[in-house]
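Encoded as structure tokens, the structure appears first; notes follow it.
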Amino acid sequence: MTAALASVPVSLGDRSYDVLIGHGARRQLPDVLPPAAARAAIVTQAGIGLDVDPGVEHVVIEIGRGERAKSLATVEHICRELARAGISRSDVVVAVGGGMVTDVAGYAAASWHRGTAVLHVATTLLAQVDAAIGGKTGVNLPEGKNLVGAFWQPHAVICDLDALSTLPPEEWRSGYGEIAKYAFLGVDGLPGMPLEEQVRACVALKASVVAADEREGSKRMILNYGHTLAHALEAAGLAADAGTATLRHGEAVAVGLVFAARLAEALGRIGAGRVAEHRAVVSSFGLPATMPRGADADQLLAFMRRDKKAHGDLTFVLDGADGVESVPGVDPGVVRRILSEMIEEATS
């Protein structure tokens, strides 16, 4: 029998949905499928190791692993398999995996027949606290992370804590990078909470932000805290979800949090004590606070200029007297100085 589950609503009018959190939550999948869905397409990866049964006729579509597979070619592969399987607009796509799977499957569902329902079964800590919630889907280009995508809210999200039991240490660190972010967005006491409470608290905060600003017009930008540098590191090949890169996504976010704090201090928005607090929270989760070897300030700055938040300038999400907020028009010289200082510290 499935233990009692937490249910966190994402309130978006007629597109509202629930995030189910708890051990054995995947068994609720048949109960949360769209009523009209006669068939399901399960998009997943080899080795996920989580069996799901949607309770209707279904096909399984496997995609590749790592950032290289987060591409338009993978979206085409999914859509062609949907065509071969005869998946209609009234059916459902079920993404089973981490943030890469939910991003790519979500974008494929948004595109298939101009919009087919998608339901996420998040199997990593990062996906459960962040990536699977909020409707942001997308893929990468060589020019940058997540530059092609769509807002497409899921029909439901399932966070089965049982799926986390087999995660390798690097996946835990990646998830904790996103959890560390929420410590500066209004969730108090995160480092000392039990895991289930951490997940529920992070989901609740993200749900409230998404409900207030679904399409990232203003407030939702705070969810990108630490991500401007993280995405630049990923685009430079210094961080990725698989392969030979030195950092995973959440670890890159952790470095990005410390960078953002140092940048905010340089701009006079916060003091040294708040920067130290960023380092302390990051360290409490066993995450890196220093730049990876091989980083180049000019290359990272070039990728930052292509960030989705930018509008012809450098825009960062930064801490300040009024909390974390989006700050446009940041001086590139200051950004380059902080990058250079962190790179020099990492190599000394």
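The values are calculated or read from the model by the stated rules, or taken from the named source; none is laboratory data. Remember, predicted model here, so these are calculated numbers, not experimental data. Neighbour counts are summed over all protein chains in view; Cβ atoms, including those assigned to glycine, are modelled from backbone coordinates with ideal geometry.
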Only listed residue being under 30 Å from residue 246 (Cα atoms) and touching a residue at least 40 places away in the same chain (Cβ under 8 Å), chosen from 73, 108, 38: 108
Some residue of the stretch 55-73 being surrounded by fewer than 19 Cβ atoms within 10 Å (Cβ to Cβ), in contact with a helix residue (DSSP H, G or I) (Cβ under 6 Å, 6 or more places away or on another chain) and closer than 15 Å to residue 119 by Cα: yes
Out of 340, 348, sole residue that is of a type in the set (Ser, Thr, Tyr) and at pLDDT below 95: 348
Matching residues, the stretch 298-348, being more than 14 Å from residue 229 (Cβ to Cβ), among the polar types (S, T, N, Q) and surrounded by 15 or more Cβ atoms within 10 Å (Cβ to Cβ): 326
Filter result for residue 313 (under 25 Å from the mean Cα position of the chain (by Cα) and either touching a residue at least 24 places away in the same chain (Cβ under 8 Å) or assigned to a strand (DSSP E or B) (or both)): no
Within the stretch 139-154, tally of residues that are surrounded by 20 or more Cβ atoms within 10 Å (Cβ to Cβ) and closer than 30 Å to residue 27 by Cβ: 3
Selected residue (only one of 260, 266, 295 is buried (at least 21 other Cβ atoms within 10 Å of the Cβ) and touching a residue at least 60 places away in the same chain (Cβ under 8 Å)): 295
Residues satisfying the stated conditions in the stretch 100-138, i.e. surrounded by fewer than 24 Cβ atoms within 10 Å (Cβ to Cβ) and in contact with a Leu (Cβ under 6 Å, 6 or more places away or on another chain): 112
